[in-house]
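K.L.:
One structure follows; several queries about it will come next.
The values are calculated or read from the model by the stated rules, or taken from the named source; none is laboratory data. It should be emphasised that the depicted structure is a prediction, and the values quoted were computed from it without experimental measurement. In this analysis, Cβ positions are derived from the backbone assuming ideal geometry, glycine residues included, and neighbour counts consider all displayed protein chains.
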Amino acid sequence: MSEEQIRYESSGGIARITLNRPERLNSFTTRMHAELREALARVASGGEARVLLVTGQGRAFCAGQDLSDRAVAPGEAPVDLGTSIEENYRPLVLTLRELPIPVVCAVNGVAAGAGANIALACDIVIAARSASFIQAFCKIGLVPDSGGTFFLPRLVGTARAMGLAMLGDKVTAEQAVSWGLIWKCVDDVDFASTTEGLLAQLAQAPTRGLAAIKRALYASSGNTLAQQLDLERDLQRELGYSADYREGVAAFLEKRAPRFAGR
Ligand code: T3D
């Protein structure tokens, strides 16, 4: 496949997707979405990757939709944004959330509009200190999409979500951490090595267990306590029969480091 607008690699249990339109701050085009879909399908069907990295090439993570695709000449009908969301952004967010492996987003620079919310759709978000997050939608008369209206209030509460969505202010990586929007922010010089350390750790972790953690945590906001306790029971029952659980217990008792196979 042609991968010009994204780069995809997979080795050593780590799949990597790099948004690759640096001259347009990695903003989304229809073609980039198609390439992303194809890469994500490879991750999902390959069965080798135990962690997925999503990051951006150049000085930005992603500036959301490419707005040069959205200019409307007088007398012309505008693009149906609902169709764009339905065909591109909605499946992208759902795929990231449903992949049965951890998805790490390494936010290397500005993340704006859908770019910010695609980052928030990932399971663990690490950002360079110079990165920032902007809910840019309000500046062009739109609503936060790609899950923004779902993620923001859950992560930072309604008051902050409302301010972020209605004002479109830039949130620094440091502030994003202190508000609970993302996991971690590291100095730019340490960003690559910290990200690699995180990927290596996750690639050697008990993958089935992490998939179950992901499923349980994302289910919790829609569940009652009783439903969540039932889900925990069911997941624990299933994991209790896994090779990784057996290995984890054996390694603990033998006082050695575990060697998880991800099964
Ligand atoms: O349409 C649908 O399908 C519905 C879905 C919508 C989802 C969305 O994401 S809507 C929101 C779209 N995104 C934005 O509104 C963000 C627009 N960009 C910005 O606000 C700023 O560029 C940034 C805050 C992200 C970065 O600012 P700065 O000062 O660091 O860079 P810059 O100079 O603005 O941008 C550098 C270049 O990238 C520039 O081009 P030039 O002048 O060098 O030729 C700029 O026009 C271009 N660029 C940045 N963002 C976009 C873009 N070109 C097209 N689309 C962009 N989104």
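K.L.:
Under the condition of being at pLDDT below 95 and acidic (Asp, Glu), which residue from the stretch 18-72 is nearest to Leu202 (Cα to Cα)?
P.N.:
Glu48
K.L.:
Something else about it: Which of the following residues is loosely packed, with under 15 Cβ neighbours inside 10 Å and modelled with pLDDT of 95 or more: Thr158, Thr172?
P.N.:
Thr158 is the lone residue from the list that is loosely packed, with under 15 Cβ neighbours inside 10 Å and modelled with pLDDT of 95 or more.
K.L.:
Which numbered condition in (1) touching a Pro at 6+ places or on another chain (Cβ under 8 Å); (2) over 30 Å from Asp244 (Cα atoms) is the only one that Ala176 fails?
P.N.:
Just one mismatch for Ala176, condition (1).
Rundown of residues vs (1) surrounded by 18 or more Cβ atoms within 10 Å (Cβ to Cβ); (2) within 20 Å of Pro153 (Cβ to Cβ), yes/no style:
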site: Trp183; (1), (2): no, yes
site: Thr195; (1), (2): yes, no
site: Leu210; (1), (2): yes, no
site: Leu217; (1), (2): no, yes
site: Gly222; (1), (2): no, yes
site: Tyr241; (1), (2): no, no
site: Arg256; (1), (2): no, no
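K.L.:
Scan the stretch 45-65 for residues that are part of a strand (DSSP E or B) and not β-branched (Val, Ile, Thr) and report the count.
P.N.:
The number of residues fulfilling the criteria is 7.
K.L.:
I'd like to know if the stretch 74-89 contains one or more residues that are within 16 Å of the ligand (Cβ to nearest atom), modelled with pLDDT of 95 or more and part of a strand (DSSP E or B).
P.N.:
The answer is no, given that none of the residues of the stretch 74-89 is within 16 Å of the ligand (Cβ to nearest atom), modelled with pLDDT of 95 or more and part of a strand (DSSP E or B).
K.L.:
Hey, can you tell me all the residues within the stretch 114-143 that are near the ligand (Cβ under 10 Å from one of its atoms) and either hydroxyl-bearing (Ser, Thr, Tyr) or over 18 Å from Gln65 (Cβ atoms) (or both)?
P.N.:
Ser132 - this is the single residue of the stretch 114-143 that is near the ligand (Cβ under 10 Å from one of its atoms) and either hydroxyl-bearing (Ser, Thr, Tyr) or over 18 Å from Gln65 (Cβ atoms) (or both).
K.L.:
Inspect the stretch 80-91 for any residue being buried (at least 16 other Cβ atoms within 10 Å of the Cβ) and among the polar types (S, T, N, Q) and give the result as yes or no.
P.N.:
yes
K.L.:
Any residue at all in the stretch 151-171 that's within 16 Å of Phe61 (Cβ to Cβ), touching a residue at least 24 places away in the same chain (Cβ under 8 Å) and over 14 Å from the mean Cα position of the chain (by Cα)?
P.N.:
For the stretch 151-171, residues within 16 Å of Phe61 (Cβ to Cβ), touching a residue at least 24 places away in the same chain (Cβ under 8 Å) and over 14 Å from the mean Cα position of the chain (by Cα): present.
K.L.:
Going through the stretch 120-148 one residue at a time, which ones are of a type in the set (Ser, Thr, Tyr) and either surrounded by fewer than 16 Cβ atoms within 10 Å (Cβ to Cβ) or part of a loop (DSSP other than H, G, I, E, B) (or both)?
P.N.:
Ser130, Ser146
K.L.:
Being under 23 Å from the mean Cα position of the chain (by Cα), aliphatic (A, V, I, L, M) and assigned to a helix (DSSP H, G or I) narrows it down to one of Ala226, Ala216, Ala250, so name that one.
P.N.:
Ala216
K.L.:
Now for a different question. Which residue is farthest from the chain's Cα centre (by Cα), if the candidates are limited to the stretch 16-44 and must be closer than 14 Å to Asn88 by Cβ and part of a strand (DSSP E or B)?
P.N.:
So, considering only residues that are closer than 14 Å to Asn88 by Cβ and part of a strand (DSSP E or B), the one farthest from the chain's Cα centre (by Cα) is Phe28.
K.L.:
Same structure, new question: Here is a check on your reading of the model: is Ala111 touching a strand residue (DSSP E or B) at 6+ places or on another chain (Cβ under 8 Å), within 20 Å of Gly56 (Cβ to Cβ) and assigned to a helix (DSSP H, G or I)?
P.N.:
Against the criterion (touching a strand residue (DSSP E or B) at 6+ places or on another chain (Cβ under 8 Å), within 20 Å of Gly56 (Cβ to Cβ) and assigned to a helix (DSSP H, G or I)), Ala111 does not qualify.
K.L.:
Across the stretch 1-55, which residue is farthest from the ligand (Cβ to nearest atom) among those that are touching a residue at least 40 places away in the same chain (Cβ under 8 Å) and among the hydroxyl-bearing types (Ser, Thr, Tyr)?
P.N.:
Per the stated criteria, the residue is Thr55.
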